[in-house]
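One structure is given below, encoded as structure tokens.
The values are calculated or read from the model by the stated rules, or taken from the named source; none is laboratory data. Keep in mind that what you see is a predicted model, and the values were worked out from it rather than measured. Every residue, glycine among them, receives a Cβ derived from its backbone with ideal geometry; neighbour counts consider all protein chains shown. Accessible surface areas use protein heavy atoms only, side chains included; no ligands, DNA or RNA. Shrake-Rupley method; radii C 1.70, N 1.55, O 1.52, S 1.80 Å.
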Amino acid sequence: MDPVLLTRELIRIPSPSGEEAAVVTFVADRLAGAGWRVTRQPVGSAPGRDNVYATLDPPVVVLSTHLDVVPPHLPDGEDAEWVYGRGACDAKGIAAAMIVAAERLRAGGERRVGLLFVVGEEDGSEGARAAAALEPRGRFLVNGEPTGNQLAIGHPGALRVVLTAGGRAAHSAYPEEGRSAVHALLDALDAIRRLALPEDALLGATTLNVGRIEGGVAPNVLAPEARAELLVRTVGPSGRVREAVAAVLPPGVSAAFPLDIAPARSAPLEGWEPVTVRYTSDLPLLAAWGQGYLLGPGSIRLAHTAEERIAKADLHAGVDAYVRLASQLLTTA
């Protein structure tokens with residue numbers, strides 16, 4: 001099985017978060033046709049939007065990644081060095097490398113490796129949350145994200161913050177007769193950006209991004225409402241950040257926290273030079289699957305871009321890395 005060809009086949013099937021049914025069916029049918037025992041776990045209400053779990057014997061090691069991608073769709077292509085298209089490195093190339101690695105292990109007589117492909121990672125990780133109900137689970141889970149084929153033993157968490165400000169509309173020539181929700185929101189954002197946020201010896205500093213702001217009706221009207229969305233990359237328990245944000249909110253501004261994924265930490269493994277990454281993955285949500293590690297071909301800096309691509313050499317090296325890591329973990333079983 002060729003990981004380059006399989007990557008291109010997966011890229012050709014558009015699968016933005018929420019619309020993964022076609023790629024789910026492709027993967028499930030491909031694995032079932034190869035003799036794997038395949039379970040499809042519905043996620044949400046959309047027909048065919050399922051997690052795919054494939055096993056032979058009860059697994060000790062499970063290789064897992066996501067099948068959804070960010071929009072817009074980018075068509076597949078290749079040249080002598082690269083495979084191009086949406087999902088090439090995040091994470092359809094990774095899924096292909098995992099499938100090829102599992103088949104190589106199977107050809108050598110190893111049947112204790114499972115494959116778990118989830119939906120919704122790019123938008124709330126709904127699939128990973130649902131996967132906690134699947135069985136049988138193994139002792140180790142290798143989650144696939146672009147790490148340059150280096151073994152990542154830690155990454156920050158993600159805390160989404162939604163600020164909502166209320167005001168009272170008035171003519172801008174008479175501001176004393178109203179209350180601007182935009183001004184209150186700006187005060188809140190300024191106070192939050194000045195916060196001293198936690199640092200961690202392994203994961204580094206907490207980072208905060210104000211990603212979206214909206215509000216108001218016209219430049220000559222005091223804004224009756226305003227809203228902002230922030231993402232905090234947490235390096236420890238999120239409670240400290242939540243409390244710090246709540247403490248600096250001015251009157252009329254409230255905070256909600258619709259997404260909270262904890263940081264991930266793993267024990268180093270002999271023979272691997274450990275690294276940490278600065279993004280967040282599904283790994284903390286898959287804790288019920290045992291000790292977790294993060295590993296995958298490709299560069300995160302190419303993910304989500306208009307030039308998304310993965311080197312063919314990295315894909316083949318990724319297959320080798322998954323075989324090596326799974327074999328090492330299996331020796332501890």
Which numbered condition A133 fails, given (1) open to solvent by less than 30 Å² (accessible area, probe 1.4 Å); (2) under 21 Å from the mean Cα position of the chain (by Cα): (1)
With region 1-113 as the region, which strands (runs of 3 or more DSSP E) entirely inside it contain at least 1 residues that are in contact with a strand residue (DSSP E or B) (Cβ under 7 Å, 6 or more places away or on another chain) and surrounded by fewer than 16 Cβ atoms within 10 Å (Cβ to Cβ)? 37-42
Residue list for region 201-228, filter: in a loop (DSSP other than H, G, I, E, B) and open to solvent by 60 Å² or more (accessible area, probe 1.4 Å): A201, L202, V217, P219, N220
Given the conditions (1) within 25 Å of L203 (Cα to Cα); (2) open to solvent by less than 10 Å² (accessible area, probe 1.4 Å); (3) touching an Asp or Glu at 6+ places or on another chain (Cβ under 7 Å), every one holds for N149 apart from (2)
Got a number for residues in region 268-292 being over 15 Å from the mean Cα position of the chain (by Cα) and of a type in the set (A, V, I, L, M)? 3
On the given criteria, is G154 part of a loop (DSSP other than H, G, I, E, B), open to solvent by less than 20 Å² (accessible area, probe 1.4 Å), closer than 30 Å to E270 by Cα and not aromatic (F, W, Y)? no
Could you say whether any residue in region 133-141 is part of a strand (DSSP E or B) and within 14 Å of D282 (Cβ to Cβ)? yes
Between residues in region 293-310 that are more than 11 Å from G148 (Cα to Cα) and touching a residue at least 12 places away in the same chain (Cβ under 8 Å) and residues that are assigned to a helix (DSSP H, G or I) and open to solvent by 40 Å² or more (accessible area, probe 1.4 Å), which pairs lie under 9 Å by C-beta distance while being six or more apart or on different chains? H304/E122
Just one listed residue, out of S254, S238, S180, S172, is among the polar types (S, T, N, Q) and touching a Lys or Arg at 6+ places or on another chain (Cβ under 9 Å), and it is S180
